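Accompanying notes for the structure given below.
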Amino acid sequence: MPWYGGYSGIGTWGPFGIYYGSAYGRSAEGFASLVMRGINDPVRTANFVDFCDKCLYFYRPNHDPDKGPWNSGLDLNKYPKDAPPHWSFGIGIDGSMSLNLNEISGTEEMDGHGSVSVGRWIAWRLMGSPSGDWLMKPRGGVYGKSRWDSTRDSADFICWFMDYTDRDVIWSEGESTGWGAGETLTRKNVINETDMVKIRANYANADMYEVYPNFACYTALRCSAQMAEAAGDSASAKKYLGYAERIRAGMLRLLKTGDRNNPMWRVSSYSIFSSLQDSLVQAWFSMFLDGLDPNKLDAEMTLVTRNTLKRQLSQPYGYAPVLGMGYGQGWITESALMLDDMDSAGPLLANIAKYSYDKNMDYVDAKRGIDWRPNLWLIPEGTNIMPDGRWYRIGDLTNGANQGPAMHALEICAGVDDSDPKLVKIMPRVPEPLKGIQIQNFFTLVPDGGGLAKARVGYEFNRPGVLSLRSDRPIPALAVRLGPFDQSTAERIVDAGMKPSGATVRLDKSGTWKSKDAWWIWVESLRDVTELKLEFGLAPR
């Protein structure tokens, strides 16, 4: 793995090898939505789920090797006997990257636990949302547990953990809470139990309840409820939705800051994320389950997130929080796009490209037969900007936690929303200075009998309202959003009645464009679409 030095490094390259022996749990939903969908391989998709599930059983209240990976090194004397298994900071069968600082073994990084749950749900949908053997059959390689068993166990841990801590929000250890305090990270230097007791006391008194883990677990429970219904377990589905609502209410009551007229999500006192864009999680994490239409998101939470985005964009870094290219630049770009802040989205997108670019890769080594040009745009962990405007990469190149958010920003621009396959939405977002976008072979879920199938969708969009779309199989119900426009232009176009036969057209206001309200034209009631052409250009006055 190419390594460009740490945050205080000078950016020179070195061969670092394997970064860690385990995967980060909080990268799981990106791996599923970007990689698993893209390769379109059901065997590998199932293997992804089974790998996650096998790792789930490392942290459990017993040492029985028939019930989980070998974990004899864990001290279970204080481990709650009724605790369901959970994923830790690192996903591996050896419990890698864990700090056992309380009675529940493993680092309960609940944004990671929630993300793995959502990633498994994405994979299940990619398999067609099956409810038969794929979901219900015991697996010999996963200790006799079915995929539904593991879904239930992981969701139950979230519910159990809330009751165990007796809070309406999720306790979390890990990067969004800095493991409670920097002191806890010195555990490896502890030389006696007295010091360890001090560290644990400091840890127990830390405020470990933050927005990112809560929204990830809130989403995970709602995803798990869908799988519960597919498994025929309506009682579990009802339970998970109830706990999800408890988290939502807890977030709105306990994790806001500011006055009643300008509420924002609070910023963690301990978060190690470089520019604290984890506070925008409701915007960038909603794309998986709730879709890409901001007017369909939770209105009360979205109001708080819009105010939070304004706060984040007012920071000294402006449009370039590039110290983290994913958990800084990527997250805030996703958020601006999701909330239709088209004025901010343009420079934010441009900076993803600008600060990922490496001019040193722009050549072909003919003597050695190496074409370095495909590496021009590999996304680094971070970038340092010098006072004179020059910049250099830092950290590891192509870190999944940083690739994922940056690539998801491009995915939001593409705007193919199959969160509800019964109504696929195409919502291109092309902020200035960009003029258009081309999409090829985007795998889109559509209804197929009682399950789901994949359609390959491609389209070309030229701003503000010219679109040509094709699909390799009929899309039963389709809606397309075009824009942005100013209000008067949008009204003139709608009044002109330019629409396909049988379609309906309506106006929608969302976000900002040219410092004013952004208006969009929805073309709806499109049925069994394999080809579509729309021309909603600027109508004459």
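The values are calculated or read from the model by the stated rules, or taken from the named source; none is laboratory data. Values in this document were obtained by computation on a predicted structure and should not be read as measured data. No Cβ is skipped: glycine too gets one built from the backbone with ideal geometry, and neighbour counts run over all protein chains shown. Note: areas computed on protein heavy atoms with side chains; ligands, DNA, RNA excluded. Shrake-Rupley method; radii C 1.70, N 1.55, O 1.52, S 1.80 Å.
Only protein heavy atoms count here; under a 1.4 Å probe, I379 has an accessible surface of about 20 Å². Can you find, among L309, P421, V211, the residue farthest towards the positive end of the dipole of the chain? Put +1 on the C-beta of Lys and Arg, -1 on that of Asp and Glu. With unit charges placed on the Cβ atoms, the residue in question is P421. Note on W513: accessible area is roughly 40 Å² with a 1.4 Å probe, heavy atoms of protein only. Loop-located trypsin sites (Lys or Arg not before Pro) across the range 241-307 with a Cβ neighbour count of 15 or fewer within 10 Å are R260, with loop assigned by DSSP. Accessible area ranking (1.4 Å probe, heavy atoms, ligands and nucleic acids excluded), largest first, for D82, D495, D341, D64: D495, D82, D64, D341.
Here the range 271-316 and the range 76-93 have alpha carbon centers that stand 30 Å from each other. A Cβ-based charge dipole, computed about the Cα centre of the range 312-431 with Lys and Arg at +1 and Asp and Glu at -1, lands at about 380 debye. Dipole size of the chain about its Cα centre, with +1 on Lys/Arg Cβ and -1 on Asp/Glu Cβ: approximately 860 debye, rounded to the nearest 20.
By the scheme Lys and Arg +1, Asp and Glu -1, what is the net charge of all other residues having a beta-carbon under 10 Å from that of I91?
Value of the local net charge: +2.
Listed by chain and number, the aspartates and glutamates placed with their C-alpha closer than 16 angstrom to that of K533 are E460, D472, E524; residues fewer than eight positions away on the same chain are left out. The share of accessible area on the chain that comes from carbon and sulfur is 51 percent, using a 1.4 angstrom probe. Close amide H contacts of D358 (hydrogens built in the peptide plane, cut-off under 5 Å, sequence separation of 5 or more or a different chain): none are found.
Angle, helix 193-205 long axis vs. longest principal axis of the chain, Cα atoms, 0 to 90°, nearest 10? For 193-205 against the chain, the angle is about 30 degrees.
Of the residues H63, H408, the one with the largest accessible area comes first in the ranking H63, H408, computed with a 1.4 Å probe on protein heavy atoms.
Between the C-alpha center of the range 394-455 and that of the range 507-521 there is a gap of 21 Å. Entry note, the chain: relative contact order of 11 percent, from Cα contacts under 8 Å with a spacing of 6+ residues.
Shown are L397, L507, whose ranking by accessible area with a 1.4 Å probe and every protein chain present, most to least, is L507, L397.
With the charge dipole of the chain set up from +1 on Lys and Arg Cβ and -1 on Asp and Glu Cβ about the Cα centre, the Cα lying farthest toward the positive end among the listed residues M407, W70, M227 is that of M407. Here's the picture: charge each Lys and Arg Cβ at +1 and each Asp and Glu Cβ at -1 in the range 361-464, and of L397, P374, T444 the one pushed furthest to the positive end of that dipole is P374. For the chain, the per residue solvent-accessible surface stands at 42 Å², with DNA, RNA and ligands left out and a 1.4 Å probe.
Nearest 10 degrees, 0 to 90: what angle lies between the long axis of helix 342-354 and the longest principal axis of the chain (Cα atoms)? Taking Cα atoms only, the helix is inclined about 60 degrees. Among the trypsin sites (Lys or Arg not before Pro) in the range 399-450, those placed in a DSSP loop whose Cβ has at most 14 other Cβ atoms within 10 Å are K422, K435.
Using a cut-off of 12 Å between beta-carbons, work out the net charge of the residues near V322 (Lys and Arg +1, Asp and Glu -1, V322 not included). Don't jump to the answer; show the numbers that get you there.
Working: positive: K354, R393; negative: E381.
Taking every Cβ under 12 Å from that of V322, the sum is +1.
Counting only alpha carbon atoms, the long axis of helix 400-414 and the longest principal axis of the chain meet at about 20°. Roughly how many Å² of R481 are accessible to a 1.4 Å probe, to the nearest 10? Spelled out: R481, probe radius 1.4 Å, area about 0 Å².
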